[in-house]
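FYI, it's all coordinate maths here, none of it is from the lab. All figures in this text were calculated on a predicted structure; none of them were measured in a lab. Positions of Cβ are generated from backbone atoms using ideal geometry, with glycine treated the same way; all protein chains shown enter the neighbour counts.
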Amino acid sequence: MATIRDLMTTRLETVGPDQTAKDAAAFMLSADTGSIPVCDGGKVIGMITDRDIAVRGVAAGKGPECSVRDLMSSDIICARDSDDAHAVAHQMSQSQVRRLPVLDADDRLVGMVSLGDLSREADQAAATEALEGVSAKSGQQPQA
């Protein structure tokens, strides 16, 4: 059984809570991703997504200079680097998220795992479960 440590992406960009939405968007553009972890003092405290910036920020009349803290989701779900792929796929499915920050035993951010990582590296059942859950109709997704 594959662990998330074997599947996760370790090349990470993070943003601080006091950086601007413009900074976060620039990091997302350069990393070609739709979300980025928000870290404070080495700990993950939230996630900010392109949707947070484009929809939540713009709808509230916030400009590119507003802080990440004002737009981020703070009720995030994380995986552990020692978790098995099936457990994480199930967690992603239940929570309807496409990406999860991955933490080590000391709660340090060590990677990100995405649906793409699961589909490329894990067995088909895990990837299918995650994709079906994420694709199911639901309410608002707090974390992409």
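Of the conditions (1) over 20 Å from Asp40 (Cα atoms); (2) buried (at least 20 other Cβ atoms within 10 Å of the Cβ); (3) of a type in the set (D, E, K, R), Arg99 satisfies every one except a single condition; which number is it?
Only one criterion is unmet by Arg99, namely (1).
Taking the residues in the range 104-123 that are surrounded by fewer than 20 Cβ atoms within 10 Å (Cβ to Cβ) and outside any helix (DSSP H, G or I) as candidates, determine which candidate is farthest from the chain's Cα centre (by Cα).
The qualifying residue farthest from the chain's Cα centre (by Cα) is Asp123.
Could you list, in sequence order, the residues of the range 1-26 that are hydrophobic (A, V, I, L, M, F, W, C), surrounded by fewer than 17 Cβ atoms within 10 Å (Cβ to Cβ) and in contact with a strand residue (DSSP E or B) (Cβ under 8 Å, 6 or more places away or on another chain)?
Taking the range 1-26 and keeping what is hydrophobic (A, V, I, L, M, F, W, C), we get 1-2, 4, 7-8, 12, 15, 21, 24-26.
If we keep only those that are surrounded by fewer than 17 Cβ atoms within 10 Å (Cβ to Cβ) too, we end up with 1-2, 26.
Within the range 1-26, Met1, Ala2 meet the criteria.
Every residue in the range 52-100 that is among the β-branched types (Val, Ile, Thr), part of a helix (DSSP H, G or I) and in contact with a strand residue (DSSP E or B) (Cβ under 7 Å, 6 or more places away or on another chain), please.
The first filter runs over the range 52-100 and keeps only residues among the β-branched types (Val, Ile, Thr), leaving 53, 55, 58, 68, 76-77, 88, 97.
Right, trim to part of a helix (DSSP H, G or I) and you get 53, 55, 58, 68, 88.
Val68, Val88, listed by residue number.
If I ask for residues that are in contact with a strand residue (DSSP E or B) (Cβ under 9 Å, 6 or more places away or on another chain) and over 25 Å from Asp84 (Cβ atoms), which ones from the range 27-39 would you list? Full working, then the answer.
First, pick out the residues of the range 27-39 that are in contact with a strand residue (DSSP E or B) (Cβ under 9 Å, 6 or more places away or on another chain): 27-28, 33-39.
Phe27, Met28, Gly34, Ile36, Val38, Cys39, listed by residue number.
So which residues in the range 24-51 are part of a strand (DSSP E or B) and either aromatic (Phe, Trp, Tyr) or over 16 Å from Val97 (Cβ atoms) (or both), if there are any at all?
Within the range 24-51, the subset part of a strand (DSSP E or B) is 35-40, 43-49.
Result: Cys39, Asp40, Lys43, Ile45.
Can you find, within the range 29-45, the residue that is surrounded by the most Cβ atoms within 10 Å (Cβ to Cβ) among those that are closer than 24 Å to Asp107 by Cβ and without any contact (Cβ under 8 Å) to a residue 24 or more places away in the chain?
This residue is Ile36.
List, please: which pairs have Cβ atoms under 8 Å, are six or more places apart or on different chains, and start with a residue in the range 87-109 that is of a type in the set (Lys, Arg) and end with one that is surrounded by fewer than 17 Cβ atoms within 10 Å (Cβ to Cβ)?
Qualifying pairs under 8 Å: Arg98/Gly34; Arg99/Gly34; Arg108/Gly42; Arg108/Lys43.
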